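Quick notes on the structure that follows.
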Ligand SMILES: Cc1ncc(COP(=O)(O)O)c(C=O)c1O
């Protein structure tokens, strides 16, 4: 792993330049910096283009298609015939990314500090999608060459997400339009396995997408809902003491967020899952990893969860969602697809299929993660173990782990910088919502992601006023309840006003955080009518 010296000013600037060069949406802010030259950006473009050529996005050849067919990849559950395409070639991507650029009117560019809402995407994702749509945008399942390449793209995207989550030996991936849609779909499928009187436990600290899908089950099917209360004194989002009395032999589902999208604290999924299994053996453990997955490496195998959901558009990919299910858990479900669709995974769950260009975009993440892994000095690159010799899914689990370790390392530095700055503003009336963090401890800092909710005690300095001041200075943050509706109620937060939320990603810089803190300091020192 890299050493702390990477945060010495010249090293840090070099690192952040090389990371930010991958994100078209951040280029405008790079151009605003005297430190960064276009030559550097061009150089990075070439490096990405090279990586794309040698990695997944080259033309898919006859051997890959033959191998895929051997594995039963058809892309068409109805006919069993070969299907769709991965011919995403770097050359096909437009030079200009104007639509992705942050607005740059000659002043400073936007600092995007609203990443919990959705992340930026690396150029390799944009290129992969553009190349797919310009070169091989045909329907899968028709059996001709291009169509089969599309099927391989879709299949590889599922396998890539499985590797991303360490799910290859334990379960499968279902892709959909969003995490919310996938949780709804799962609740619908689970309905058939539930009896009136069975119980579903949901966390009060959750995004509402974890709760609403079960409300209909409670109304129409006699399912009993149990609210797992947060601790409003310690601000612990998923306290085990409050869970224990809710667990019994009738508990069939426990759903909770690994990280609250307001407070940013990480809960111990493995420990909670173990606790649930010991007291409610019939329960399915469903984890909402939406706020966690963009920041830390996911390991569903180690955590032993039944289901894990995330939004790919927050993990540097296209606007989709992904759901992991344990093989054994998914086998017992019927699926919602047409009755004549074979009842295998993922087809029985993917109604209407998944976004093919989105699948190409997901694969476009591979070169970026490899770049991060290389930057993290991951010398050891393991191939996938056993099974089909994988020539195209060119990223190992070790590289994925190294890439996320680098993000964690960078975020530790950013989180400290942000929290120290916010603490200085306490005397001006700024109140951070959530437990205090020991900034001297790496472990304590790593146990929260750089998403921070705050309010002000300055008279009439409402969240919307702070947000407007930030936007005027091109600092993108937001206010509201962010769908953590029940948590706001528990904390007595007026949901029509909500809170301010600042959320960083590994590609943000301390300089951007300083710009945000300067606006905050100014708005807190002003009088508001
Ligand atoms: C913690 C959490 N869970 C679930 C969701 C819903 O995700 P999606 O927009 O993919 O439906 C969000 C969205 O912001 C979230 O932050």
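The values are calculated or read from the model by the stated rules, or taken from the named source; none is laboratory data. Quick caveat, the model's predicted, so the values are computed rather than measured. Note: ideal-geometry Cβ built from the backbone for every residue, glycine included; neighbour counts use all protein chains shown.
Numerical summary
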| read-out | value |
| --- | --- |
| Set 256, 202: member being within 11 Å of the ligand (Cβ to nearest atom) and either touching a strand residue (DSSP E or B) at 6+ places or on another chain (Cβ under 8 Å) or over 27 Å from residue 358 (Cβ atoms) (or both) | 256 |
| Any hit, the stretch 234-242, residues being in contact (Cβ under 8 Å) with a residue 60 or more places away in the chain, farther than 21 Å from residue 499 by Cβ and surrounded by fewer than 22 Cβ atoms within 10 Å (Cβ to Cβ) | no |
| Filtered residue count, the stretch 151-184, keeping only those that are within 17 Å of residue 365 (Cα to Cα) and either more than 16 Å from the ligand (Cβ to nearest atom) or outside any strand (DSSP E or B) (or both) | 15 |
| Scan of the stretch 455-480 for residues that are surrounded by fewer than 22 Cβ atoms within 10 Å (Cβ to Cβ), under 27 Å from the mean Cα position of the chain (by Cα) and either outside any helix (DSSP H, G or I) or within 14 Å of the ligand (Cβ to nearest atom) (or both), ordered by number | 455, 474, 476, 478, 479, 480 |
| Qualifying residue in the stretch 299-319 (condition: without any contact (Cβ under 8 Å) to a residue 24 or more places away in the chain and in contact with a helix residue (DSSP H, G or I) (Cβ under 9 Å, 6 or more places away or on another chain)) | yes |
| Every pair of residues 6+ apart whose Cβ atoms lie under 7 Å, when the first sits in the stretch 178-190 and is assigned by TED's automatic domain parsing to the domain that holds residue 288 and under 14 Å from residue 325 (Cβ atoms) while the second is more than 7 Å from the ligand (Cβ to nearest atom) and in a helix (DSSP H, G or I) | 183/213; 187/213; 187/214; 187/217 |
| The stretch 264-275 - residue that is within 16 Å of the ligand (Cβ to nearest atom) and in contact with a strand residue (DSSP E or B) (Cβ under 6 Å, 6 or more places away or on another chain) and, of those, nearest to residue 224 (Cα to Cα) | 269 |
| Sole exception among (1) touching a residue at least 40 places away in the same chain (Cβ under 8 Å); (2) surrounded by fewer than 18 Cβ atoms within 10 Å (Cβ to Cβ); (3) away from the ligand (no atom under 16 Å from the Cβ) for residue 220, by number | (1) |
| Some residue of the stretch 419-432 being part of a helix (DSSP H, G or I) and within 19 Å of residue 375 (Cβ to Cβ) | no |
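Yes/no per residue for (1) part of a loop (DSSP other than H, G, I, E, B); (2) modelled with pLDDT of 95 or more:
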| position | (1), (2) |
| --- | --- |
| 298 | yes, yes |
| 310 | no, yes |
| 317 | yes, yes |
| 338 | yes, no |
| 353 | yes, no |
| 357 | no, yes |
| 379 | yes, no |
